[in-house]
1. Looking at this structure, is Val177 under 16 Å from the mean Cα position of the chain (by Cα) and more than 30 Å from Leu105 (Cβ to Cβ)?
2. Yes or no: Ser92 part of a loop (DSSP other than H, G, I, E, B), among the small types (Gly, Ala, Ser) and buried (at least 21 other Cβ atoms within 10 Å of the Cβ)?
3. Among (1) buried (at least 18 other Cβ atoms within 10 Å of the Cβ); (2) within 15 Å of the chain's Cα centre (by Cα); (3) not hydroxyl-bearing (Ser, Thr, Tyr); (4) not in a helix (DSSP H, G or I), which single condition is Asp59 missing?
4. State which residue pairs qualify: first residue at pLDDT below 95 and inside the stretch 1-12, second residue part of a strand (DSSP E or B) and not aromatic (Phe, Trp, Tyr) in any location, beta carbons under 6 Å apart, and separation of 6 or more residues or different chains.
5. Assess whether Pro129 counts as being of a type outside the set (Gly, Ala, Ser), over 23 Å from Ser154 (Cα atoms) and out of contact with any strand residue (DSSP E or B) (no Cβ under 8 Å at 6 or more places or on another chain).
6. For Ser138, indicate whether it is touching a helix residue (DSSP H, G or I) at 6+ places or on another chain (Cβ under 6 Å) and under 17 Å from Ala18 (Cβ atoms).
7. Checking Val108 against (1) within 15 Å of the chain's Cα centre (by Cα); (2) surrounded by fewer than 17 Cβ atoms within 10 Å (Cβ to Cβ), which single condition isn't satisfied?
8. Could you tell me which residue of the stretch 18-37 is nearest to the chain's Cα centre (by Cα), considering only residues that are within 22 Å of Glu216 (Cβ to Cβ) and assigned to a loop (DSSP other than H, G, I, E, B)?
Amino acid sequence: MEHPTALVTGASRGLGLALATALARGGWRLVVDARDQGPLAAAAAGLAAATEVRALAGDVADERHLADLAAAAAELGGLDALVHNASTLGPSPQPPLAGYPPEALRRVYEVNVLAPLRLTQLVLPQLRPGGRIVAVTSDAAVEAYPGWGGYGSSKAALEQLAAVLAAEHPDLRVYAVDPGDMRTRMHQEAFPGEDISDRPPPEASVPGLLRLVAGELPSGRYQARELAAAAVTP
């Protein structure tokens, strides 16, 4: 493909920015978003040095913002990859399910489950045959960690949506990918007061994501760093 196009949500920092940067260097055109205008503008300025970028600030739980993202992708002629990276942890420290505030849980599901599905619905007509949908998930989707009921169950729901989309759209590649522990702001919020400096930077997970976005792996669930290690194994 010459100048493929990707839409990456939550791309002003962390894994989203690391992936967008790698894609830009690889010649991909980008549509990116984030909630805060300032950090997004700074990220977009760096990306624009390598590629064409459309950056839109907004909340992925806002229908109008999702429509704007879809319109921006259409202006670039369609999509080759859609990456659902934006998500919210919920309250920090994370409460047990017995005391989880219903409104907070509703917000987690709106951002982590309903927004990715709605954005997918809006851009499906623009995804070219063989296009990729990548849902960034977590080991909390499959492991029962105390205190992770809200975030973990939302990621489990996201993974099931990805699996069903793969079954319904065999002409696309649909992935759920666990990036692993990372040294990011969200990870710090999940462990308030703890030292997370031993966690790898988000850039360590990017090679695995690139294998999904630009490779030929079948639809399914993957771990990013296992993919990266397999790529360099003799």
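1. It is false that Val177 is under 16 Å from the mean Cα position of the chain (by Cα) and more than 30 Å from Leu105 (Cβ to Cβ).
2. For Ser92, the condition - part of a loop (DSSP other than H, G, I, E, B), among the small types (Gly, Ala, Ser) and buried (at least 21 other Cβ atoms within 10 Å of the Cβ) - is not met.
3. All conditions pass for Asp59, except number (1).
4. His3/Arg29
5. yes
6. So Ser138 fits the description; yes.
7. Val108 satisfies all of (1) within 15 Å of the chain's Cα centre (by Cα); (2) surrounded by fewer than 17 Cβ atoms within 10 Å (Cβ to Cβ) except (2).
8. Per the stated criteria, the residue is Trp28.
The values are calculated or read from the model by the stated rules, or taken from the named source; none is laboratory data. Values in this document were obtained by computation on a predicted structure and should not be read as measured data. Virtual Cβ from ideal backbone geometry, glycine too; neighbours counted across all protein chains shown.
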